[in-house]
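Below you'll find the structure, written out as structure tokens, and then a few comments.
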Amino acid sequence: MNFWTPDSLRSASGGTFVLRPDPGAGGAPPALQGLSIDSRSILPGQAFMAIRGERFDAHEFVYEVAAAGCPLIFIERDVDLSRLREGVRVPPVVIRVSDARKALGRLAHAYRRSLTRTRVIAVCGSNGKTTTVRLIDAVLASRLSGSASKKSFNNDIGVPLTILGASPTDQYLICEVGTNAPGEIAHLAGIVEPDVSVITSIGREHLELLGGLDGVAQEESAIVRGTRSGGLALVIGDSPELARQVRDGVGGVAVMTFGLGEGSMLRVTEPRVEADPAAGVSAGAPVGTSFSLNGRGRYFVPLPGMHNATNAAAAIGVARRLGVDEQSIVEALRTARGPEMRWDRSRVLLASDPSRPVDVINDAYNANPESMLASLRALAAVLASAPRGRRVIILGEMRELGAGSVALHEEVGREVGTLGLIGRDDALIVVGAGGPHYARAAVAAGVPGASVVELADASPERAAVAAAMVRPGDTVLLKGSRAVGLERIVKHLSGVVPTIAAGLGAGAAGAPA
């Protein structure tokens, strides 16, 4: 049965017809394939779901998409039906639903159940979700056809759109599943019904609502309980809080652990941050992480940091489950790329001395304490493997940490000093309300006070101040919560220099949901 028919979509969404298929068009239903919520990027044949958000109400754009030939429109409030008919040969079918967001989820759940040929993988975790999605996609795509979440489409809108964008012939579909509050992962798991689930990490995320690590583990473990019977859950083995949640398996779902700890079934061994060994002594070889699993084999992923070795281990576990051969896994990991603004490296040439490029590491998609610490440790490992000159570290505040926010910012600040990343000629720039807490703890841990600059925000004026502190030959790391907007500093730096050289690879310290 074809899912993409007006009758099927009406039934699956729980809606009612407001404008039925036009009998004057020969009685044939409109040609449909896929769904969009963005009037700016809707494709021919896609249905349109009008969702009311905090800043925009998509019902204002239904006339525009109708005029462009959209065959079917979902609404949740009254619109001018006569205006929808104006100037079009075949009026769109219109279905009214009581709640567009909920209807989107119902559509996705129904469509997921129609994907009988597709193995569905769900990726959860406090950090590293998007990177792990990219790594899984890289290794599966080496031998199979399929699709994966775009960017960080991991909420009650992004997950359904990921599912609805899949092809019935796909052999795999990877969904990133995130959370901000208790119950969100259980809800999304009910839509995704994964055959394979992954929990990348348990960290201090969204503590205002999840409370602590036990609350985080309880929330993330909901994806295991939502995995189909007979399926596999790959979970990080380095979290005692998570172990308490999934110790005995759940409802016929096999549980396999991965991580750095001795008890992990897929144990990362002999990890090293280094240039790609297969590239020999080439000066342009990407710096990443090499490792073995359970003392066997050797893998390289061009993303530095121990956390990226565990992300890659999860990808290996999924690939093996879906039957990808070992050599294909090894080769695919070597050339994998991380997502945008996760350890995203580029070389910027300053006008004052274009012979000495600035190495910019943009890891500022998002942040919680674990991802901040991982990013700093990855930088320390990179610098140890290939010493460079002056360092500029730009740390934005972390959001949604609740009552422990001050102590957690101080913990990150101390790590800067403990790792010895900032000396007298270097710069530590802290941005936002958490900045003074970073600064105070960093100085107490040995960072020279004269090297610390505090900025209230990343407004264009203050972004210019930060950019002006960068010199030719510097290594610059940016890390902080997405809402801080540290990318403005990168844009300003890029805007005042003549050239940005080719990217050096991308990765991630991980981002919270």
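The set of residues in region 398-407 that are in contact (Cβ under 8 Å) with a residue 40 or more places away in the chain and closer than 20 Å to ASP457 by Cβ comprises MET398, ARG399, GLU400, LEU401.
Just a yes or no: is a residue in region 368-379 surrounded by fewer than 23 Cβ atoms within 10 Å (Cβ to Cβ) and assigned to a strand (DSSP E or B)? Scanning region 368-379, I find no residue that is surrounded by fewer than 23 Cβ atoms within 10 Å (Cβ to Cβ) and assigned to a strand (DSSP E or B), so the answer is no.
Would you say LEU395 is surrounded by fewer than 23 Cβ atoms within 10 Å (Cβ to Cβ) and of a type in the set (A, V, I, L, M)? Spelling it out, it is not the case that LEU395 is surrounded by fewer than 23 Cβ atoms within 10 Å (Cβ to Cβ) and of a type in the set (A, V, I, L, M).
Filtered by the rule that a residue be β-branched (Val, Ile, Thr) and either over 25 Å from the mean Cα position of the chain (by Cα) or open to solvent by 10 Å² or more (accessible area, probe 1.4 Å) (or both), region 398-415 gives a lone residue, VAL406. For region 426-453, a residue qualifies if it is within 14 Å of HIS409 (Cα to Cα), open to solvent by 30 Å² or more (accessible area, probe 1.4 Å) and either of a type outside the set (Gly, Ala, Ser) or in a helix (DSSP H, G or I) (or both), and the qualifying residues are PRO436, HIS437, ARG440, VAL443, ALA444. Could you list all residues from region 465-485 that are more than 24 Å from the chain's Cα centre (by Cα) and either assigned to a helix (DSSP H, G or I) or among the hydrophobic types (A, V, I, L, M, F, W, C) (or both)? Listed by number, the residues that qualify are VAL465, ALA466, ALA467, ALA468, MET469, VAL470. Within region 400-420, being touching a helix residue (DSSP H, G or I) at 6+ places or on another chain (Cβ under 6 Å) and in a loop (DSSP other than H, G, I, E, B) holds for GLU400, LEU401, LEU419. No other residue among GLU487, GLU454 is at pLDDT 55 or above and either more than 30 Å from GLU176 (Cβ to Cβ) or in contact with a His (Cβ under 6 Å, 6 or more places away or on another chain) (or both) apart from GLU454. Listed by position, the helices (runs of 4 or more DSSP H) enclosed by region 127-223 that each have at least 2 residues that are over 21 Å from LEU35 (Cα atoms) and under 19 Å from the mean Cα position of the chain (by Cα) are 129-141, 184-192, 213-220.
With respect to the conditions (1) out of contact with any Gly (no Cβ under 9 Å at 6 or more places or on another chain); (2) closer than 28 Å to ILE185 by Cα, HIS109 falls short on a single one, namely (1).
One residue stands out in region 454-464 among those that are in a helix (DSSP H, G or I) and over 18 Å from LEU477 (Cα atoms): the one that is least open to solvent (accessible area, probe 1.4 Å), namely PRO460.
Residue-by-condition table, conditions (1) open to solvent by 20 Å² or more (accessible area, probe 1.4 Å); (2) basic (Lys, Arg); (3) within 28 Å of GLN46 (Cβ to Cβ):
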site	(1), (2), (3)
SER142	yes, no, no
SER147	yes, no, yes
LYS151	yes, yes, yes
CYS175	no, no, yes
GLU184	yes, no, yes
VAL198	no, no, no
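Give the residue that is nearest to VAL198 (Cα to Cα), with candidates limited to residues of region 244-276 that are of a type in the set (Gly, Ala, Ser) and buried (at least 18 other Cβ atoms within 10 Å of the Cβ). Per the stated criteria, the residue is GLY259.
Anything in region 6-26 that is more than 21 Å from ARG83 (Cβ to Cβ), at pLDDT 95 or above and either assigned to a loop (DSSP other than H, G, I, E, B) or within 25 Å of the chain's Cα centre (by Cα) (or both)? List them, or say none. Matches in region 6-26: GLY14 only.
Of the residues in region 27-49, at least one is in a strand (DSSP E or B) and touching a Cys at 6+ places or on another chain (Cβ under 6 Å).
In this structure, ARG228 qualifies as surrounded by fewer than 22 Cβ atoms within 10 Å (Cβ to Cβ), of a type in the set (Lys, Arg) and under 21 Å from ALA110 (Cα atoms). Counting only residues that are touching a residue at least 60 places away in the same chain (Cβ under 8 Å) and open to solvent by 80 Å² or more (accessible area, probe 1.4 Å), region 103-116 holds 2 of them. Checked against (1) more than 30 Å from LEU210 (Cβ to Cβ); (2) without any contact (Cβ under 8 Å) to a residue 40 or more places away in the chain; (3) among the β-branched types (Val, Ile, Thr), VAL470 passes all but condition (2). Within region 269-300, restricting attention to residues that are modelled with pLDDT of 95 or more and hydrophobic (A, V, I, L, M, F, W, C), the residue that is nearest to SER328 (Cα to Cα) is PHE300. Criterion applied to LEU266, LEU303, LEU242 was being at pLDDT 95 or above, within 25 Å of the chain's Cα centre (by Cα) and within 24 Å of ILE174 (Cα to Cα), and the one residue passing it is LEU266. Could we say that GLY45 is at pLDDT 95 or above, open to solvent by less than 40 Å² (accessible area, probe 1.4 Å) and either touching a Pro at 6+ places or on another chain (Cβ under 9 Å) or more than 20 Å from LEU115 (Cα to Cα) (or both) here? No. Hey, does region 482-489 have a residue that's open to solvent by less than 30 Å² (accessible area, probe 1.4 Å), within 17 Å of GLY432 (Cα to Cα) and in contact with an Asp or Glu (Cβ under 7 Å, 6 or more places away or on another chain)? Within region 482-489, one or more residues are open to solvent by less than 30 Å² (accessible area, probe 1.4 Å), within 17 Å of GLY432 (Cα to Cα) and in contact with an Asp or Glu (Cβ under 7 Å, 6 or more places away or on another chain).
The residue that is nearest to LEU107 (Cα to Cα), counting only those in region 66-89 that are part of a loop (DSSP other than H, G, I, E, B) and of a type in the set (D, E, K, R), is GLU76. Taking (1) at positive phi; (2) open to solvent by less than 70 Å² (accessible area, probe 1.4 Å) in turn, GLY87 satisfies each apart from (2). If you check MET306 against the conditions, is it in contact with a strand residue (DSSP E or B) (Cβ under 8 Å, 6 or more places away or on another chain), surrounded by fewer than 20 Cβ atoms within 10 Å (Cβ to Cβ) and among the hydrophobic types (A, V, I, L, M, F, W, C)? When the stated conditions are applied, MET306 passes them.
The values are calculated or read from the model by the stated rules, or taken from the named source; none is laboratory data. Nothing here was measured: the structure is a model prediction, and the numbers come from that model. Because the Cβ atoms are built from the backbone with ideal geometry, glycine has one as well, and the counts that use them run over all protein chains shown. The protein model used for the area step is the full one, side chains on, heavy atoms only, and it has no ligands, DNA or RNA in it. Shrake-Rupley method; radii C 1.70, N 1.55, O 1.52, S 1.80 Å.
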